[in-house]
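What follows is a single structure, written as structure tokens, with notes after it.
No lab work stands behind these numbers, since they all come straight from the coordinates. The shown structure was predicted, so the numbers you read here are calculated from the model rather than taken from an experiment. No Cβ is skipped: glycine too gets one built from the backbone with ideal geometry, and neighbour counts run over all protein chains shown.
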Amino acid sequence: MIFGKSKLELKVGVFVFFGLIILIMFVLMIGNFRTWSLGYRVNVIFNFINGVKVGAPVRFAGVDVGEVKSINIVFVDSQPLSKVRVTCWVKNVVKIPADSTVWVNTLGLLGEKYVEIMPGKDYKNVLAENQSLDGNDPIAMHEVAALAKNLVGDLDASFVKIKNGEGTIGKLLSDETIYNELEATMKDIRRNPWKLFWKTKEKPVK
């Protein structure tokens, strides 16, 4: 009877032990702890990040190598504008040259933002732990809308000028003399197609 009770307690103990292991692994995954992979953190400084969130992917040459760990607004005394510091965790095997280009890119059709790093060439000078790199700011949507509006306005103004006979294209389309000369030339070519292959001899200058 005692043996059976001990066997039951052993089974319960093993069950609890494996349950605790699974729970610990689950907590580590939820907390994004990199216990099974070594890495380091680098900072990218932007003026505008266009909706990048903590946990967004970090890509190096198009390959997922890490994720965004924190986003903070920082103030620089020597500059009147505030900056955005994006702290990225990347794998130890990734070496980021100091002359690399960093920007915010869009992932897929859903528009998820992520940090894209295009490696530079100066591998003798790579970023170390907590070093910073300046990023290229993405274009804001209101700037795109303003640019499109200005482009449409310029096209409208160009069409008005053409319609009023202004400019080279406007004169070509509105000048009846040019149209009549062109039409006469085309009729002459249709009547005498050999003129297309005949080169008129120039008279010698005396």
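Judged by the mean number of other Cβ atoms found within 10 Å, the most tightly packed of the peptides 60-69, 82-91 leads the ranking 82-91, 60-69.
Residue order for Ile49, Ile71, Ile96, fewest other beta carbons within 10 angstrom first, comes to Ile71, Ile49, Ile96. Using the Cβ-Cβ distance between Lys91 and Val12 with R0 set to 30 Å, the FRET efficiency works out to roughly 0.15.
Can you tell me the length gained on complete extension of the stretch Thr101 to Leu155, counting 0.36 nm per residue apart and subtracting the Cα distance?
On the way: separation 54, 0.36 × 54 = 19.44 nm, distance 3.47 nm.
Gain in length upon complete extension: 16.0 nm.
DSSP beta bridges confined to region 39-138 are antiparallel in about 80 percent of cases. Counting beta carbons within 10 Å around each of Tyr40, Tyr123 and listing the fewest first gives the order Tyr123, Tyr40. Checking the Cα-Cα distances for Lys69/Lys121; Lys53/Lys121; Lys53/Lys124; Lys53/Lys83; Lys83/Lys124 against a 23 Å cut-off, the pairs over it are Lys69/Lys121; Lys53/Lys121; Lys53/Lys124; Lys83/Lys124.
Fully extended, how many nm does the chain gain between Asn47 and Ala61 (0.36 nm per residue separation, minus their Cα-Cα distance)? Result for the pair: 2.8 nm of gain on full extension.
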